[in-house]
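Following: one structure in structure tokens, then a few remarks.
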Amino acid sequence: MRVTVRKASAHIRSLIASLGLLIALAPGTHLVVSALTPTPSRTLSPVPSATFTPSLTPTLPPLGTPVPTQVGGALIAQDFALTSLNVRNLEIFSPQGSAQFGFEVPDNWRLAGNNTLYLNLQFVETGTDAVTESTPVQPITRFEVRLNNQLVYEASYTVSMNAPQTVAVPLPADLINADRARQTITLAMDARDHCNSNRQARIVVRSDLSYLHFEYERLLPTLNLALFPRPFYNNLPASQTETALLVLPSAFTQTDLENAFSLAAGIGQLTGNQVQLKVTTPAALDAANRRANNLILLGTPANNALINELYTANLLPTRYDAAAGTFSVGATALEPDEGIVQLIAHPEDPYLAVMLFTGSTELALQKAVRAFAGRLDAFGLEGNLAIIREVRPLSQQRVGSTLRDVQTFADLGIENTTTFGVGSQFADFRFVVPNGVRVSEAAYVEIVFDYSDTLKEAQTSLNLTLNDTPVNSINIGVGSDLATRPGPHRLRAPIPPGAVRSGEGNILAVQIESRGNWGCNLPNPSTIWLNIRPESVLALPRATLDAALRSPLVSDFPVPFSDYSDLHDVLVILPDQPSLIEVEQAVRLIARLGTLTERGERFAPRLALGEKLPSGVDLAQHHIILYGRPSTNSFLRGIADKLPQPFTAGTDDLEQLLDDVVLRLPPGFDVGVLQAQPSLWNPRRVLLTISGTSSVGESFAMLAMQAVTFFRGDLIGNIVYVTQSSVYAANTYTSKYAVDIEVDVPTLVAETTLVGSATATPNRIFTVTPGPTETPTPTVTATWTPTPSPIFSATPFVPTPTPLPTFAPLPGDALEIETPDRPSWITILIAVTAGAFLAAAAFGLFALLRAIRARRQE
């Protein structure tokens, strides 16, 4: 029966299809073809990702980027989002959970007024909904916050209080520990009532919506050379950069620039590149910028007008005899080759400072700079004056050449870390592996810890992860050998090399997981603790990369330039007559190199201006950083045709050679070019070229190398083309042909080169108390230099459109529509096809009738 019905249905469908097709192909039917108008493509707006929207908005909106401003009265206020302090989202779980993070008070702050932690949190409860007879009331979760182990906030939550909210936690200034830089905040919950009601609770803290509010007074600078880089670096929160003006002689020489590079590398090493050096000269520095900034002066009274002015006003600890060209301290004359370093309060602003490096000879000035170019030997540097007679010889030891490098947590600035409570407890430890350093298979971490007997009698485990990669887990509770032995205890775990991030922060997370047979009578959290000692060890055996093992890439920087801790084998070649902007950009690159050089001290990179190499410099013995354009750098002009991306002879234009065809870029196309290749004078050395097709393109390339506009991962190639917002990396070691910029890099060609400022965004400020307004430190402008900087005054390339040819329209009667005759064979084809389908339709109708008749007979 079912089969017959299916067959009948099939015959009906076949008949209908045949009749439809027959109608479509009937001889009298006209074929109509419509000319479709192309629909313009739409630009689809990106769909925003799902976000967590709290139902309650905090009174003070959290800030993603700290923005300092001055306010009325003696107090200044700033807000810092927890994410800017490297704090992750926090979750604490029932029955007892805790989490902690820390912050540091800057050296030139004295906290006053109302300091507050604003926590954006949500209480979440899951489990049985009904209230049972054994639990006639809703369970309560108790939440508390401690500052340096002192209770500063507590609250209770129930299931009805599950909306996101922002709570204000006071941070009393008297609980800030002035004897140590790092302050600890601990969040803890006690949800033991949930055990009786078969419920679970957790508190989620959004770090991006939580923030610290500080109110503080600025302190006068500490004028003690033993504490350098203070007062220029004060350890501001959220990686804020501080600014200092590096004032060179107006007619600076190659030696002056070498000293500036040494000092910049040292400041970068000592501050983590958090002091932004702006380069100027007395002739280019206006009174407003001089008055509003910290100053670092290099030179002598004879060639640096600012130094001469300070000596003339008798504002320095030493005296200068202009006629004899000698210095003295009191009645004692100083030797000509003794370097002099002095630190004084800024004569025009007591909250700022002035530091001078001077001497009677070039050797004396070099000694003064080298003594502060990196890690300091503070012995003998107490006070505001240092006389440098000798500096130790330069280091000849390669970075990472030692078999093992062992640091304790104390060496990393980590003190005792204690967790409390049942459940999951976490403690995070951060460390940095220098960029370009490989960690060997012998690397390990050893946790030295003590823990309470209560944890020893419970089901307790200790788990280690590195950058979210599991490293080791061990039972330390009931049944373990550790639980039967007295402390301190040690847990050693190998560190997988692949889990280590070179050149950035690494997070070692220690998790304590505990469960006991306490039923619902959980012990007091203070009796459930584990303490991680500062003598815990981080061992990182490592070795530097050998540049000869593979072809160099731009992304390898700072390797191999950071091979030696003093950079003595690095040669920087600037344009023949560099502008202040070019000097400043090169200084910042060397400061970054100093930051990334392990155990850096007494930095001594060499410097050349174009083809004028310093005496005794052998190109084969140096890694070379070549900066400029063929039109401005005679050294680059001489090798422009030997670069992976050559320049057209005598110009700053890039030469594109593809299959023996030379291509040219459009005129006015601003692009920066970074190139890495084996040195032309020694294949085991590296030549890094930082250039461009214009001054604007050159600045694009340098900002990329400073990691201002792009990340290291964007520069993986031996040729990298850079504009303001686009980057294209190519590896011609592996590709058959060179890169066709106009074809392979269309976004670079089409982009308009409008250049923005690289100045950091300042912080939000609001008034705490009325009163006189503190004068803010203004951003240094291009008015320092006789000529404006191309970085701040770029001229965009505007293409000139070419008009298309037009034609006069034809009159309407001149248009004639021609109707073509139908070929005879088409008529015959239609007739034959129609006959076939008619026969098929008749057969289908006959089969249908037979099927209906058979059904009735059944």
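The values are calculated or read from the model by the stated rules, or taken from the named source; none is laboratory data. Here the structure is a predicted model, which is why all the values come from computation and not from measurement. Cβ atoms come from the backbone with ideal geometry, glycine included; neighbour counts cover every protein chain shown. To get the accessible areas, we keep the full protein, side chains included, count just its heavy atoms, and leave off ligands, DNA and RNA. Shrake-Rupley method; radii C 1.70, N 1.55, O 1.52, S 1.80 Å.
For TRP518, indicate whether it is open to solvent by 20 Å² or more (accessible area, probe 1.4 Å), in contact with a Ser or Thr (Cβ under 7 Å, 6 or more places away or on another chain) and either among the acidic types (Asp, Glu) or under 27 Å from ILE92 (Cα atoms) (or both).
So TRP518 does not fit the description; no.
Quick check, is PRO249 surrounded by fewer than 22 Cβ atoms within 10 Å (Cβ to Cβ) and more than 37 Å from the chain's Cα centre (by Cα)?
No, not satisfied.
Looking at region 637-651, which of its residues are open to solvent by 30 Å² or more (accessible area, probe 1.4 Å) and not in a helix (DSSP H, G or I)?
Across region 637-651, the qualifying residues are PRO644, ALA649, GLY650, THR651.
Can you name every residue in region 447-474 that is in contact (Cβ under 8 Å) with a residue 12 or more places away in the chain, open to solvent by 60 Å² or more (accessible area, probe 1.4 Å), over 21 Å from PRO496 (Cα atoms) and not in a loop (DSSP other than H, G, I, E, B)?
Within region 447-474, GLN459 is the sole residue that qualifies.
How many of the residues making up region 224-245 are of a type in the set (Asp, Glu) and part of a loop (DSSP other than H, G, I, E, B)?
Residues in region 224-245 being of a type in the set (Asp, Glu) and part of a loop (DSSP other than H, G, I, E, B): 0 in total.
Check LEU688, LEU654, LEU674, LEU663 and return the single one that is modelled with pLDDT under 95 and either open to solvent by less than 10 Å² (accessible area, probe 1.4 Å) or among the basic types (Lys, Arg) (or both).
LEU654
If you scan region 565-611, which residues turn out to be open to solvent by 10 Å² or more (accessible area, probe 1.4 Å) and touching a strand residue (DSSP E or B) at 6+ places or on another chain (Cβ under 6 Å)?
Result: ASP576, LEU580, GLU584, ARG606, LEU609.
Could you please let me know if GLN200 is open to solvent by 10 Å² or more (accessible area, probe 1.4 Å), more than 30 Å from LEU352 (Cα to Cα) and not aliphatic (A, V, I, L, M)? Outline the logic, then answer.
Working: open to solvent by 10 Å² or more (accessible area, probe 1.4 Å): yes; more than 30 Å from LEU352 (Cα to Cα): yes; not aliphatic (A, V, I, L, M): yes.
For GLN200, the condition - open to solvent by 10 Å² or more (accessible area, probe 1.4 Å), more than 30 Å from LEU352 (Cα to Cα) and not aliphatic (A, V, I, L, M) - is met.
So, in region 246-286, of the ones that are among the aliphatic types (A, V, I, L, M) and assigned to a helix (DSSP H, G or I), which residue ends up farthest from ASP576 (Cα to Cα)?
In this case the residue turns out to be LEU270.
For region 115-190, give me every one of the strands (runs of 3 or more DSSP E) that falls completely inside it and has 1 or more residues that are at pLDDT 95 or above and at positive phi.
In region 115-190, no matching strands (runs of 3 or more DSSP E) lie anywhere.
What's the total number of residues in region 113-123 that are open to solvent by 20 Å² or more (accessible area, probe 1.4 Å) and more than 16 Å from GLU144 (Cα to Cα)?
The number of residues fulfilling the criteria is 2.
So, PRO164, is that one over 25 Å from ILE528 (Cα atoms), surrounded by fewer than 16 Cβ atoms within 10 Å (Cβ to Cβ) and in contact (Cβ under 8 Å) with a residue 24 or more places away in the chain or not? Even if it seems obvious, please write down each step before you answer.
Working: over 25 Å from ILE528 (Cα atoms): yes; surrounded by fewer than 16 Cβ atoms within 10 Å (Cβ to Cβ): no; in contact (Cβ under 8 Å) with a residue 24 or more places away in the chain: yes.
Against the criterion (over 25 Å from ILE528 (Cα atoms), surrounded by fewer than 16 Cβ atoms within 10 Å (Cβ to Cβ) and in contact (Cβ under 8 Å) with a residue 24 or more places away in the chain), PRO164 does not qualify.
Can you list residue pairs whose Cβ atoms sit under 6 Å apart, with the first residue in region 631-651 being over 18 Å from PRO678 (Cα atoms) and the second being open to solvent by 70 Å² or more (accessible area, probe 1.4 Å) and not aliphatic (A, V, I, L, M)? Count only pairs 6 or more apart in sequence or on different chains.
Note: pairs meeting the criteria are SER634/GLU611.
Just checking, which of VAL432, VAL439 is closer than 30 Å to SER555 by Cα, open to solvent by 10 Å² or more (accessible area, probe 1.4 Å), among the hydrophobic types (A, V, I, L, M, F, W, C) and in contact with a helix residue (DSSP H, G or I) (Cβ under 7 Å, 6 or more places away or on another chain)?
One residue alone meets the criteria, VAL439.
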